[in-house]
Structures are given as structure tokens and as C-alpha cells.
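The values are calculated or read from the model by the stated rules, or taken from the named source; none is laboratory data. Since the structure is predicted, the reported quantities are computational estimates derived from the model, not experimental observations. Positions of Cβ are backbone-derived with ideal geometry, glycine not excepted, and every protein chain shown enters the neighbour counts.
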Amino acid sequence: MNIEQHAAIQPRIVELQRAALEFAELGESKVSRLILAACFAAQKLKPVKVVAVDPAADASKPAKGKGA
């Protein structure tokens with residue numbers, strides 16, 4: 001997930017947390033807990049920095065495989 005995707009998903013997570021609160025107020029605690037668990041898992045996702053890879057640098061390294 002890149003930084004733009006991470007920024008785009010944050011408001012949706014907040015919306016889902018609000019929906020989970022509404023489900024809890026309606027007495028649907030099981031649904032609320034499942035939504036909150038998904039929100040918690042989504043919040044743990046962190047954006048990764050895109051690193052430019054130089055193909056020439058990779059070609060100079062010998063391949064290590066089985067039997068090498």
C-alpha cells in the first residue's frame with residue numbers, strides 16, 4: 001500500500017467505526033465487534049516507501065539457490 005492509498009482509506013475506516021457504534025447502539029454487538037476488528041486490522045496497515053531499484057545492481061549479485 002502506498003502513501004496515497006493509505007491516506008484515502010483513513011476516512012473510510014473512521015466511517016466504519018461510526019457504523020460499528022451505531023450497530024452497538026442498536027444492540028447488534030456481534031456485528032459491531034466484527035466491524036471494529038476489521039477497522040483495527042486496517043489501521044495496523046502502514047504505507048511503504050517506494051524504493052527505486054537499480055536493475056544493474058541486482059544483475060551483479062550471484063544467484064543463491066539450491067545447491068549453490
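Computed values, structure above
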| item | result |
| --- | --- |
| Ile9 being among the β-branched types (Val, Ile, Thr), surrounded by 10 or more Cβ atoms within 10 Å (Cβ to Cβ) and modelled with pLDDT of 95 or more | no |
| The lone exception for Ala56 - which of (1) modelled with pLDDT under 75; (2) among the aliphatic types (A, V, I, L, M); (3) surrounded by 10 or more Cβ atoms within 10 Å (Cβ to Cβ) it fails | (3) |
